[in-house]
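The values are calculated or read from the model by the stated rules, or taken from the named source; none is laboratory data. Here the structure is a predicted model, which means the values were calculated and not measured. Neighbour counts are summed over all protein chains in view; Cβ atoms, including those assigned to glycine, are modelled from backbone coordinates with ideal geometry. Note: areas computed on protein heavy atoms with side chains; ligands, DNA, RNA excluded. Shrake-Rupley method; radii C 1.70, N 1.55, O 1.52, S 1.80 Å.
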Amino acid sequence: MSLPIDPATIDPEDFGEKQAVLEMDHEEAIEHVREVCEDVGFGIPVEFSPSKLLNEKVDADRDPYYVLGACNPSIADQALDETLKIGGFFPCNMIVWQEEPGRQRVYHLSIMKVARLLGTAPDNEAWDDIIDTTGNLTEEAFERFDSVDTDVTD
């Protein structure tokens, strides 16, 4: 199977990749990310720990890994007006994983940009506005993270 796009040629900005490093314990980082997301305008309607699930179900021995499903209802509503397929990408996830005790990585990519790259979302002004709005909220969130290094690509 060949991919329709070459991942090596895509700039992380094209899919809205953002990362930050938080120097705190895992649970504290989850709470910090949750609070910052809520402060900038995202609710967290769903959250779960894949590491906990996998450790229990298949004895995976995974380090702490947590998903916070962020959502701004008015933006989600606008996105659904443009394409019902976007629901396949919902919600906008903020991932927190433990790199080592006391050091957590926060990771996000823009589902709105990814949907456009894949041709699932329209290439129109309304979608541009959705990308801009979600991008601004996400940018504000990452600016608020007390990060050691927010321009990390590994």
message = Under the 0.36 nm per residue contour assumption, what length would be gained going from the current alpha-carbon distance of Glu13 and Asp39 to full extension?
response = 7.0 nm
inquiry  = Can you tell me the orientation of helix 73-82 relative to the chain, as the angle in degrees between its alpha-carbon axis and the longest Cα principal axis, to the nearest 10?
reply    = 40
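Counting alpha carbon pairs within less than 8 Å and at least 6 residues apart, what relative contact order, in whole percent, applies to the chain?
Details: 236 pairs, mean separation 52.3, N = 154.
That works out to 34 percent.
Over the chain, with every protein chain in place, what whole percent of the accessible area is carbon and sulfur at 1.4 Å, could you tell me?
48
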request  = Would you work out which of Cys37, Tyr66, Gly102 lies farthest towards the positive end of the dipole of the chain, given +1 charges on the beta-carbon of Lys and Arg and -1 on that of Asp and Glu, about the Cα centre?
outcome  = Tyr66
message = Could you give each residue of segment 40-49 its phi-based ³J(HN,Hα) in whole Hz, using Karplus coefficients 6.51, -1.76, 1.60 with θ = phi - 60°, and x for Gly or Pro?
response = 8, x, 9, x, 10, x, 8, 7, 6, 10
key: Principal-axis tilt of helix 125-144 within the chain, Cα atoms, nearest 10 degrees   = 20
key: Charge dipole (debye, nearest 20) of segment 1-94; +1 at Cβ of Lys and Arg, -1 at Cβ of Asp and Glu   = 420
query = In the Gaussian network model of the chain, springs joining C-alpha atoms below 10 Å, which of Ala79, Ala126, Ala115 carries the largest mean-square fluctuation?
reply = Ala126
Surface accessible to a 1.4 Å probe, per residue, for the residues of the chain, Å² = 57
Accessible-area value, Tyr107, 1.4 Å probe, nucleic acids and ligands omitted, Å² = 50
remark   = Among Glu139, Glu38, Glu13, the residue with the largest mean-square fluctuation in a Gaussian network model of the chain built from Cα contacts under 10 Å is Glu13
